[in-house]
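Step one of this worksheet: look at the structure below.
The values are calculated or read from the model by the stated rules, or taken from the named source; none is laboratory data. For clarity, every value in this text was computed on a predicted model and none was experimentally measured. Glycine also receives a Cβ, built like all others from the backbone with ideal geometry; neighbour counts cover every protein chain displayed. Side chains included, ligands, DNA and RNA excluded: accessible areas come from the protein's heavy atoms. Shrake-Rupley method; radii C 1.70, N 1.55, O 1.52, S 1.80 Å.
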Amino acid sequence: VKRFAYFCRAVLEATKTIKFKPDIIHCNDWHTGLIPLYLKADSWFSQTKTLFSIHNLGYQGNFPHSSLATTGLDESLFHEEGIEFYGQVSFMKGGLMFADTLATVSPAYSQEIQTPELGFGMEGILQKRSTHLHGILNGVDYSVWNPETDPLIPVNYGPTSLSQKTQCREYLMRMFSLRLNKRTPILCMITRLSEQKGIDLIMEAKAVLNKLDISLLILGTGESRYESFFQQWSKERPDHIATALKFDESLGHRILAGSDMLLMPSRYEPCGLTQMYALKYGTVPIVRNIGGLKNSIQEFSDKTGKGNGFKFPNKKYFLKSLQKALSCFNQTKTWEKLMRNGMGKDNSWECSAKQYSRLYQKILRS
């Protein structure tokens, strides 16, 4: 608490030292949640507006009441309309209550956090402040995530050279000693192995997945129960299931380039970036219809040829969504159309920046 409070105050003091009065201070997540309170207590910043962005409401920065003294804030703020949250000091609540405007990282998540299911106890606050809450989807840095220029993948390719992606697939097969039919799709998961990421859904579907003609690659670390599950599964089926229990961004590039589909069955997902990376690499996402996944993936229709992936509303429909994807995969021209749809989607930061620019202008006019 002392460290984060000191950081927030140090930033503001440095701003005063150089005699700079910012128009807007954009705060991100609970670590900066006390900044709006410090600003309101300092006349130097009387004209400064604040925007507080929520990246994941599940992480709130809640600390014992005794820690309030180390923040330098007055005891009078420790109440229901202040920063008290179930007997604790909440940095997140500070930002939600005292920032001039609120934002989060996708339009769908801005609605979901106003419900008991995904509000983590703060849905009431967000409902009261709903007119000040905005959802803007995060962006992708295509100078880093672009298969046409990516130096980390075996062969570069793009929408007009999809055959080159096959070489990236063959590289993965050699790396992980996979023995697959040419028409066996490689599915991947690049994720934290945590409950939030919907790993339980994969565990429950294991028996059915074993019967399907698919391969699955896992890259990530997390809870021991999930790590053990995937390790054991890869031992049982080493020719089809492979697990890399580590954080390795360069390997993530190669896995996305060589895989055919990406699985993201998250229980909740404020934004998610991996599905947007996957689109650019022609790796078709299969995702739960929630949060940023809902906003960035459009359900594919083989009748209209529109859409860039597959979405399921809950675990009951996961296997149906997967089966639909596998059916499309077996239709070469349909699948190539689907891949190109995703690769042509613009999820760059330029798009997000335009929305933030409009929001900043609106804040200044308020």
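Out of segment 7-80, which GluC sites (Glu not before Pro) are coil in DSSP terms and have no more than 13 other C-beta atoms within 10 Å? Walk me through the numbers on the way to the answer.
Details: sites: GLU13, GLU75, GLU80; in loops: GLU80.
Taking segment 7-80 and a limit of 13 other Cβ atoms within 10 Å, the loop GluC sites (Glu not before Pro) found are GLU80.
Heavy-atom accessible area per residue, segment 245-284, 1.4 Å probe: how many Å²?
Values: 960 Å² over 40 residues.
The answer is 24 Å² per residue.
On average, how much accessible surface per residue is there in segment 109-173, in Å², for a 1.4 Å probe, leaving out ligands, DNA and RNA? Numbers along the way, then the final one.
Working: 3020 Å² over 65 residues.
Value for segment 109-173: 46 Å² per residue.
What residues qualify as long-range amide H neighbours of PHE85, i.e. H under 5 Å apart, gap of 5 or more or another chain, H built at 1.01 Å from N?
Here SER90 satisfy the definition.
Given the Cα-Cα distance of LEU364 and ARG174 and 0.36 nm per residue of separation, how much length would full extension add, in nm?
Numbers: separation 190, 0.36 × 190 = 68.40 nm, distance 5.59 nm.
The LEU364-ARG174 span can extend by a further 62.8 nm.
Which GluC sites (Glu not before Pro) from segment 171-243 combine a DSSP loop assignment with at most 14 other Cβ atoms within 10 Å? Please list the in-between numbers first.
Details: sites: GLU195, GLU204, GLU223, GLU227, GLU236; in loops: GLU223.
Qualifying residues, ordered by number: GLU223.
Please work out how much length the chain gains when fully extended from SER46 to SER348, using 0.36 nm per residue of separation minus the C-alpha to C-alpha distance, in nm with one decimal. Please list the in-between numbers first.
Values: separation 302, 0.36 × 302 = 108.72 nm, distance 3.47 nm.
Roughly 105.3 nm would be gained on extension.
Between rounded, prolate and oblate, where does the chain land on the alpha carbon gyration tensor, with a ≥ b ≥ c its root eigenvalues, rounded for a/c under 1.5, else prolate if a/b exceeds b/c?
Numbers: a/c = 2.26, a/b = 1.90, b/c = 1.19.
Prolate, because a/c is 1.5 or more and a/b exceeds b/c.
Out of TYR6, HIS79, TYR59, whose Cα points farthest toward the positive end of the dipole of segment 1-99 (charges: +1 Lys, Arg; -1 Asp, Glu; placed on Cβ)?
TYR6
For the chain, list the DSSP H helices whose alpha carbon atoms reach 20 Å or more along the long axis and whose average Kyte-Doolittle value is -1.0 or above? Please list the in-between numbers first.
On the way: long enough: 2-17 (22 Å, -0.09); 349-365 (24 Å, -0.94).
For the chain, where a helix must reach 20 Å along its axis and average at least -1.0, the hits are 2-17, 349-365.
How large a share of the accessible area of the chain, in percent, is made up of carbon and sulfur atoms when the probe is 1.4 Å and the other protein chains stay in place? Provide the component values of the computation, followed by the final result.
Details: 8750 of 16850 Å².
In the chain, the share of accessible area belonging to carbon and sulfur is 52 percent.
If you take the beta carbon distance between ASN28 and ARG237 as r and set R0 to 51 Å, what does 1/(1 + (r/R0)^6) give as a FRET efficiency, to the nearest 0.05?
On the way: r = 42 Å, r/R0 = 0.82.
Rounded to the nearest 0.05, the efficiency is 0.75.
Tally Lys and Arg at +1 and Asp and Glu at -1 over the other residues with C-beta under 15 Å from the C-beta of CYS328: what net charge comes out? Could you put the intermediate results ahead of the total?
Details: positive: ARG183, LYS303, LYS306, LYS311, LYS320, LYS324, LYS333, LYS337, ARG340; negative: ASP213, ASP260, GLU299, ASP302, GLU336.
Result for the neighbourhood of CYS328: +4.
What does the net charge come to around PRO147 if you take all other residues with beta carbon closer than 10 Å to its beta carbon, with K and R at +1 and D and E at -1? Spell out each step's value before the answer.
Values: positive: LYS165, LYS280; negative: GLU148, ASP150.
The answer is 0.
³J(HN,Hα) across segment 113-120 via Karplus (A = 6.51, B = -1.76, C = 1.60, θ = phi - 60°), whole Hz, x for Gly/Pro?
Computed from phi, the couplings for segment 113-120 are 6, 8, 10, x, 5, 10, x, 6 Hz.
Taking loop as defined by DSSP and a crowding limit of 10 other beta carbons within 10 Å, which chymotrypsin sites (Phe, Trp or Tyr not before Pro) in segment 190-238 fit?
Counting only loop positions with at most 10 other Cβ atoms within 10 Å, none of the chymotrypsin sites (Phe, Trp or Tyr not before Pro) in segment 190-238 qualifies.
Rounded, prolate or oblate: which fits segment 1-142, taking a ≥ b ≥ c as square roots of the Cα gyration tensor eigenvalues, rounded meaning a/c under 1.5, else prolate when a/b beats b/c?
Working: a/c = 1.79, a/b = 1.18, b/c = 1.52.
Oblate is the answer for segment 1-142, as a/c is 1.5 or above yet b/c matches or exceeds a/b.
What's the local net charge at LEU57, with K and R +1, D and E -1, over the other residues with C-beta under 14 Å away?
Numbers: positive: LYS93, ARG129, ARG267; negative: ASP29, GLU112, GLU117, GLU123, GLU269.
Summing Lys/Arg as +1 and Asp/Glu as -1 gives -2.
From the protein chains alone at 1.4 Å, what is the descending order of accessible area for MET173, MET122, largest first? Don't jump to the answer; show the numbers that get you there.
Numbers: MET173 35, MET122 0 Å².
The most accessible residue leads, giving MET173, MET122.
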